[in-house]
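Single-structure report; data block below.
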Amino acid sequence: MIKSKGKSEEIKEKVGRYGIKPILVLLLFLNIVFLIFSANRILKGISVLQYITWLILVLSIIAIPVISYGFLKRKKWGLAYALLVSIIYTIISIVFLVNTGNIILWYPLFILSFISLISLFLSSTRRHFKPIAKKFEEKRVEIEEELLEETEEMETEERETAEEVYKHGEFTLYKKLVPTKSGSSRVFYFFSRESSDKGIPCPLPEGYEVHINKKSGVPYLKKKKER
């Protein structure tokens with residue numbers, strides 16, 4: 001149950017991360033456009049709406065690194081600053097559209113600014129900035145610890161098995177359960193040069209010793225004679 005929830009949370013986190021990228025790209029694009037526009041106006045020395053132009057310049061310079069870092073690191077102040085900038089850009093677009101009448105430039109910027117503002121209120125955006133619940137973080141750590149323990153146990157078992165398996169030259173000792181006519185079963189030991197699916201590798205059982213078949217050269221087990 002814990003593992004399934006952890007996987008679900010991981011999927012949600014990935015979906016949220018990919019869903020926020022278009023909004024971040026849109027915000028950065030708007031900031032770059034307003035930055036270029038304000039810089040050009042100041043360099044040209046145009047005095048009309050000069051204070052607004054300086055405001056755009058300052059906002060754009062600050063917004064690019066602040067919004068980028070805030071979105072990528074899921075900081076709530078990054079979302080708050082993005083909201084502030086989007087509201088200001090929307091208002092500025094309307095002001096310049098009314099004062100200059102330049103529909104080709106300011107109407108698209110108004111639309112983009114308004115879209116960015118609305119997108120910041122989407123549930124996917126709010127979910128992106130929600131801190132990961134402590135319990136999910138604890139479960140993630142718990143799952144990682146369990147996986148690490150299981151991996152270590154498996155490696156230990158493999159090492160112990162590898163050390164205990166009896167080998168005679170190129171041959172490995174295997175064992176398997178063989179049913180008898182009486183309905184019970186007994187352990188059958190055999191050597192094989194190749195890896196065998198008919199049995200499992202095993203150590204040399206007590207009370208047995210290794211003999212070699214003179215004709216085939218294959219080793220086999222035989223009970224020790226009692227002295």
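The values are calculated or read from the model by the stated rules, or taken from the named source; none is laboratory data. Note that the structure is a prediction, hence the values are computed from the model and not measured. Positions of Cβ are generated from backbone atoms using ideal geometry, with glycine treated the same way; all protein chains shown enter the neighbour counts.
Can you report the number of residues in the stretch 112-127 which are among the β-branched types (Val, Ile, Thr) and more than 16 Å from ILE92 (Cα to Cα)?
2
Would you say LEU72 is assigned by TED's automatic domain parsing to the domain that holds LEU24, under 17 Å from PRO22 (Cβ atoms) and either over 34 Å from the mean Cα position of the chain (by Cα) or surrounded by fewer than 18 Cβ atoms within 10 Å (Cβ to Cβ) (or both)?
yes
Checking the condition part of a helix (DSSP H, G or I), over 34 Å from the mean Cα position of the chain (by Cα), modelled with pLDDT under 80 and crowded, with 16+ Cβ neighbours inside 10 Å, which residue from PHE96, PHE37 passes?
PHE37
Conditions tested, residue by residue: (1) at pLDDT 80 or above; (2) closer than 30 Å to LYS73 by Cβ; (3) in contact with an Asp or Glu (Cβ under 7 Å, 6 or more places away or on another chain).
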residue: GLU144; (1), (2), (3): no, yes, no
residue: ALA162; (1), (2), (3): no, no, no
residue: VAL210; (1), (2), (3): yes, no, no
residue: LYS222; (1), (2), (3): yes, no, yes
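Find the residue count for the stretch 66-80, including only residues that are in a helix (DSSP H, G or I) and out of contact with any Phe, Trp or Tyr (no Cβ under 7 Å at 6 or more places or on another chain).
Total meeting the criteria: 6.
If ILE32 meets every condition in (1) modelled with pLDDT under 80; (2) out of contact with any helix residue (DSSP H, G or I) (no Cβ under 9 Å at 6 or more places or on another chain); (3) in a helix (DSSP H, G or I) apart from one, which number is that one?
(2)
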